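Undergrad: Quick one: structure below, then a few questions.
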Amino acid sequence: MPELPEVESVRLGLAENITGRTIEAVEALHPRPVRKHDGGIAGFEADLAGRTFAIPRRRGKYLWLPFDDGDAMLAHLGMSGQFRVNHPEDEHLRNTRVLFTLSDGTQLRFVDQRMFGGLSLSSGGAELPPEIAHIAPDPLSTEYDQEAVVARIRRSRSGIKRLLLSQTVVSGYGNIYVDETLWRARVHYEKPGMELSVRRLGEVLDHGREVLAEALEAGGTSFDALYVNVNGESGYFERGLAAYGREGQPCLRCGRPIVREPFMNRSSYFCPACQKAPR
């Protein structure tokens, strides 16, 4: 699923292309992406038409498109959701689920092959939708308090990877960037939070911020055509991955093969020599 750098890349593209534009018409082409909106397709189309977009916002991996009236459209990208900005005469994009015609003549298209994503109206949610108010600030946010994050992690017996993925301790991380962060910090993913010193946790979180910032600069990580920005461009951070997806390849530090282990219905990639398992 998209993590902070991918979602922020989408947000930046939307900010450039839809801010100040009014929705002239909405056409929901499938009921599933608007399933959380009261009134279904007809209600969604009627409720969003005529609204004007303010600057798109993000917290962690969560994106919302505020309107100038104080409401917002909450956007969950799921596993394959994309926003694309096109002209009406452009080629139709397969798996387009919702089509917004904007006042400047362009179209905002919500494309979602697997349809795990969705759009819904958040009343009064322009500043922060109440539906995601429980999500913690992310490392690239001005609200981020690293000392508070360190203190919370050190109170937990859970493994560091589980804590970084929780989104309620710190947000924005997913499987890819946690594995990259822990590889850089030389910390095993099962190391309990309470067994890491304040200094070591500070190092982990510093590495995490660097990983997210570098991935954002590269436009995110794109393993296939499902991960593109609003102009259809792929990110290139996968070329710099040191751990994730490199099972059996030599560690870039010590040369030992990278190992993959099952983790929470996913996988963890790490170096068994540089990232010693806790005893």
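The values are calculated or read from the model by the stated rules, or taken from the named source; none is laboratory data. As the structure is a computational prediction, the values presented were derived from the model and not from experiment. As a convention, Cβ positions derive from the backbone with ideal geometry for all residues, glycine included, and neighbour counts pool all protein chains shown.
Undergrad: Would you tally the residues in region 40-74 being over 19 Å from E3 (Cβ atoms), of a type in the set (A, V, I, L, M, F, W, C) and either in contact with a Cys (Cβ under 6 Å, 6 or more places away or on another chain) or touching a residue at least 60 places away in the same chain (Cβ under 8 Å) (or both)?
TA: 3
Undergrad: Looking at (1) surrounded by 19 or more Cβ atoms within 10 Å (Cβ to Cβ); (2) more than 23 Å from the chain's Cα centre (by Cα); (3) within 24 Å of M1 (Cβ to Cβ), which is the only condition S156 fails?
TA: (1)
Undergrad: Got a number for residues in region 165-185 being aromatic (F, W, Y) and either part of a loop (DSSP other than H, G, I, E, B) or free of Cβ contacts under 8 Å to residues at least 24 places away in the same chain (or both)? Reasoning before the result, please.
TA: Filtering region 165-185 for residues aromatic (F, W, Y) gives 173, 177, 183.
In the following step, the residues that additionally are either part of a loop (DSSP other than H, G, I, E, B) or free of Cβ contacts under 8 Å to residues at least 24 places away in the same chain (or both) were identified as 173.
Final tally of qualifying residues: 1.
Undergrad: So which of L93, L99, L77, L14 ends up being farther than 25 Å from D138 by Cβ and in contact (Cβ under 8 Å) with a residue 60 or more places away in the chain?
TA: Details: L93 fails: in contact (Cβ under 8 Å) with a residue 60 or more places away in the chain; L77 fails: farther than 25 Å from D138 by Cβ; L14 fails: farther than 25 Å from D138 by Cβ.
Of L93, L99, L77, L14, the one residue that is farther than 25 Å from D138 by Cβ and in contact (Cβ under 8 Å) with a residue 60 or more places away in the chain is L99.
Undergrad: While we're here: So how many residues does region 148-176 have that are within 16 Å of D138 (Cβ to Cβ), touching a Phe, Trp or Tyr at 6+ places or on another chain (Cβ under 8 Å) and not polar (S, T, N, Q)?
TA: 4
Undergrad: How many of the residues making up region 254-274 are part of a loop (DSSP other than H, G, I, E, B) and surrounded by fewer than 14 Cβ atoms within 10 Å (Cβ to Cβ)?
TA: Pass one, region 254-274, residues part of a loop (DSSP other than H, G, I, E, B): 254-256, 264-265, 271-274.
Among the residues that remain, those that are also surrounded by fewer than 14 Cβ atoms within 10 Å (Cβ to Cβ) are: 254-256, 264-265.
So the count comes out to 5.
Undergrad: Quick check on E91: is it of a type in the set (D, E) and within 15 Å of the chain's Cα centre (by Cα)?
TA: Details: of a type in the set (D, E): yes; within 15 Å of the chain's Cα centre (by Cα): no.
Spelling it out, it is not the case that E91 is of a type in the set (D, E) and within 15 Å of the chain's Cα centre (by Cα).
Undergrad: Here's something else I'd like to know. Quick one: in region 58-73, which of the residues that are charged (D, E, K, R) and under 12 Å from the mean Cα position of the chain (by Cα) is nearest to T19 (Cα to Cα)?
TA: Taking region 58-73 and keeping what is charged (D, E, K, R), we get 58-59, 61, 68-69, 71.
Those left that are additionally under 12 Å from the mean Cα position of the chain (by Cα): 58-59, 61.
On the way: R58: 14, R59: 18, K61: 20 Å.
Step by step, filter region 58-73, then rank; the result is R58.
Undergrad: If you check E143 against the conditions, is it without any contact (Cβ under 8 Å) to a residue 40 or more places away in the chain and closer than 24 Å to N17 by Cβ?
TA: Details: without any contact (Cβ under 8 Å) to a residue 40 or more places away in the chain: yes; closer than 24 Å to N17 by Cβ: no.
So E143 does not fit the description; no.
Undergrad: Something else: I'd like to verify a number: residues in region 80-104 that are among the small types (G, A, S) and under 11 Å from I18 (Cα atoms), how many? Step through it out loud before you land on a result.
TA: In the first step, residues of region 80-104 are kept if they are among the small types (G, A, S); the result is 80-81, 103.
Okay, now just the ones that are also under 11 Å from I18 (Cα atoms), so 103.
The total comes to 1.
Undergrad: Does R109 fit the bill of being touching a Pro at 6+ places or on another chain (Cβ under 7 Å), buried (at least 16 other Cβ atoms within 10 Å of the Cβ) and not aliphatic (A, V, I, L, M)? First the steps, then the outcome.
TA: Values: touching a Pro at 6+ places or on another chain (Cβ under 7 Å): no; buried (at least 16 other Cβ atoms within 10 Å of the Cβ): yes; not aliphatic (A, V, I, L, M): yes.
Criteria not met by R109.
Undergrad: Exactly one condition in (1) at pLDDT 95 or above; (2) buried (at least 23 other Cβ atoms within 10 Å of the Cβ); (3) more than 24 Å from A273 (Cβ to Cβ) is false for V198; which is it?
TA: (2)
Undergrad: Please verify whether H76 is more than 23 Å from T22 (Cβ to Cβ) and at pLDDT below 95, treating the condition exactly as stated.
TA: Values: more than 23 Å from T22 (Cβ to Cβ): yes; at pLDDT below 95: yes.
For H76, the condition - more than 23 Å from T22 (Cβ to Cβ) and at pLDDT below 95 - is met.
Undergrad: When residues of region 161-195 are filtered for being buried (at least 24 other Cβ atoms within 10 Å of the Cβ) and of a type in the set (D, E), how many remain?
TA: 2
Undergrad: Residues that are farther than 20 Å from A185 by Cβ, among the β-branched types (V, I, T) and at pLDDT 95 or above: which strands (runs of 3 or more DSSP E) entirely in region 83-164 hold 2 or more of them?
TA: On the way: elements: 96-102, 107-112, 118-122.
Fully inside region 83-164 and qualifying: 96-102.
Undergrad: For region 20-30, indicate whether the set of residues that are at pLDDT below 95 and acidic (D, E) is non-empty.
TA: No, every residue in region 20-30 fails to be at pLDDT below 95 and acidic (D, E).
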